[in-house]
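Right, one structure below, let's go through it.
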Amino acid sequence: MQNSVEIKNLDLQFGAVKVLQNLNLEIGKGEFLVLLGSSGCGKSTLLNCIAGLLDVSGGQIHINDRNVTWAEPSDRGIGMVFQSYALYPQMTVEGNLSFGLKNAKLPKPEIAKRIKHASEVLQIEPLLKRKPAALSGGQRQRVAIGRALVRDVDVFLFDEPLSNLDAKLRADLRVEIKRLHHKLQNTMIYVTHDQIEAMTLADRIAIMRGGQIMQLGSPDEIYGQPINKYVADFIGSPSMNFLEGNIKNGTFEMGELSIPLDGYEFGDTGAATEGAATMGIRPEHVVTGELVESTPFQVDVEVNLIEPTGSDTLVDCEVAGHHFRVRMDGQSRVSVGEKLRLGFAPARASLFDAKTELRL
Ligand SMILES: Nc1ncnc2c1ncn2[C@@H]1O[C@H](COP(=O)(O)OP(=O)(O)OP(=O)(O)O)[C@@H](O)[C@H]1O
Ligand SMILES: [Mg+2]
């Protein structure tokens, strides 16, 4: 696949504070890449470097095979939607959309054509004569996206575009953004700290921490084979259960419990491992009832707490002294104090070295 954006050995520091450190990333043409990480990890900083709003301290940025490391933002062929989108309140929607194009001295018919196209795609045609104050949050957000769209570029940078919206609207606009990307086939670099947004939108997710990319992979890879305990814990809600124990002779031992590791696929470094380790198992990969019969590992627990969410019921219990959560069907009838038999397949688990926290 041809690359659309290449970031090579990028460094950025504010004074003595290193925010991005030797960061490398290649984004394919038409790819939807999501930058995901907790607050302060450097997501916006990276996006601003790509956009040319920050001067880098070292390294290079290429867009469509052109070195743009020192190019002006307007000369990079990108459209950006900011974390806090500000529309010009005194201008109509149409005015907001055309402002940048007029400044760039584009001919009037061309401006009209682009506004028509963007407003059709975003379904904001009936709103063109209104001012931002007369729009809902979601409509304003679509106008903000429209301002990037009219620039007629093929790389879009989105910095948490949905963070100001309520949950329902976020979910709706998420689908719209996905549809937009299908239609336009543009390259998308999208920042969020919402993992559902990341999982549903991305072709690939880059998990960032402390100014570096910790894992880069498809949503399936990140969810199924997290590279270390941090990523495992960060992705998934409710988060993964962790059990501390020891690997010995192909089993994972925790006090009196012993979990056979048949079927677990060790990575290159993990196969010969013996010693202290952490086993991670997702609440949705634990089964109860009749299904337990077919699982290689089974354990009896007592229900401590129940959290119904409607579609699912989360059951809290303890396994070998560790807090443990199980996701059951919302229809399940369980009560606090009840004894329950759980089972899971170690093939679905993740094992991490206790010291380095890397996947085994
Ligand atoms: N102008 C600045 N001067 C000094 N430090 C800064 C500056 N801008 C950002 N930082 C620091 O750089 C780090 C990364 O900031 P950045 O805005 O990229 O985080 P983020 O991942 O986008 O977080 P959020 O999810 O909260 O938006 C933070 O620790 C921040 O305090
Ligand atoms: Mg940010």
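Site pair GLU338 and ALA171 shows an inter-label distance of 2.6 nm when each label is modelled 7 Å from Cα along Cα→Cβ. The string of couplings for segment 223-231 from the Karplus curve (6.51, -1.76, 1.60, θ = phi - 60°) is 6, x, 10, x, 6, 8, 5, 4, 5 Hz, one whole number per residue in order, with x for Gly and Pro. For LYS18, give me every one of the aspartates and glutamates with a C-alpha distance below 17 angstrom, ignoring sequence neighbours fewer than eight places off in its own chain. In chain and number order, the partners are ASP55. Model label sites at ALA86 and ASN249, defined 7 Å from Cα along the beta-carbon direction, differ in position by 6.9 nm. Work through the residues other than LEU20 whose Cβ is under 13 Å from its Cβ and net out their charges, Lys, Arg +1 and Asp, Glu -1. Spelling it out: positives minus negatives among the neighbours equals +2. With springs only between Cα atoms under 10 Å, which of LYS229, LYS248, LYS108 fluctuates most in a Gaussian network model of the chain? Among LYS229, LYS248, LYS108, the largest mean-square fluctuation in the Gaussian network model of the chain belongs to LYS108. Over the chain, DSSP H runs of length four or greater, each weighted -39,500 (n - 2.57), average out per residue to a 222 nm ellipticity of -7000 deg cm²/dmol. Taking a point 7 Å out from the Cα of GLN298 in the direction of its Cβ, the residues of segment 322-360 whose backbone N falls within less than 16 Å of it are 339-346.
Taking 0.36 nm per residue of separation and subtracting the Cα-Cα distance, what length does fully extending ASN67 through ASP203 add?
Details: separation 136, 0.36 × 136 = 48.96 nm, distance 2.47 nm.
Stretched fully, the ASN67-ASP203 segment lengthens by 46.5 nm.
Taking neighbour Cβ counts within 10 Å as the exposure measure, how do THR295, THR45 sort from fewest upward?
Details: THR295 17, THR45 20.
Listed from fewest to most nearby Cβ atoms, that is THR295, THR45.
In the chain, the inverse of the mean reciprocal separation of distinct Cα atoms equals 23.0 Å; this is its Kirkwood hydrodynamic radius.
Legend: ranking of residues PHE266, PHE352, PHE82 from fewest to most surrounding C-beta atoms inside 10 Å; resulting order PHE266, PHE82, PHE352.
Considering only GLY236, GLY245, GLY321, the Gaussian network model of the chain with Cα springs below 10 Å gives its largest mean-square fluctuation to GLY321. As a rough footprinting exposure proxy, the listed residues HIS285, HIS182 were ranked by other beta carbons within 10 Å of their own, and the order from fewest upward is HIS182, HIS285. The angle separating the long axis of helix 108-121 from the principal Cα axis of greatest extent in the chain is about 20 degrees. 3J(HN,Hα) along segment 181-187: 5, 4, 6, 8, 6, 7, 7 Hz, from the Karplus curve 6.51 cos²θ - 1.76 cosθ + 1.60 with θ = phi - 60°, whole Hz, x for Gly and Pro. Taking θ as phi - 60° and the Karplus parameters 6.51, -1.76 and 1.60, the scalar couplings of segment 63-72 work out to 10, 6, 6, 10, 6, 10, 3, 10, 7, 5 Hz in sequence order, x denoting glycine and proline.
Bear in mind that the values in this text are calculations on the coordinates, not laboratory data. A quick note: this is a predicted structure, and the numbers were derived from the prediction, not measured. Cβ: placed from backbone, ideal geometry, glycine included. Neighbour counts: every protein chain shown.
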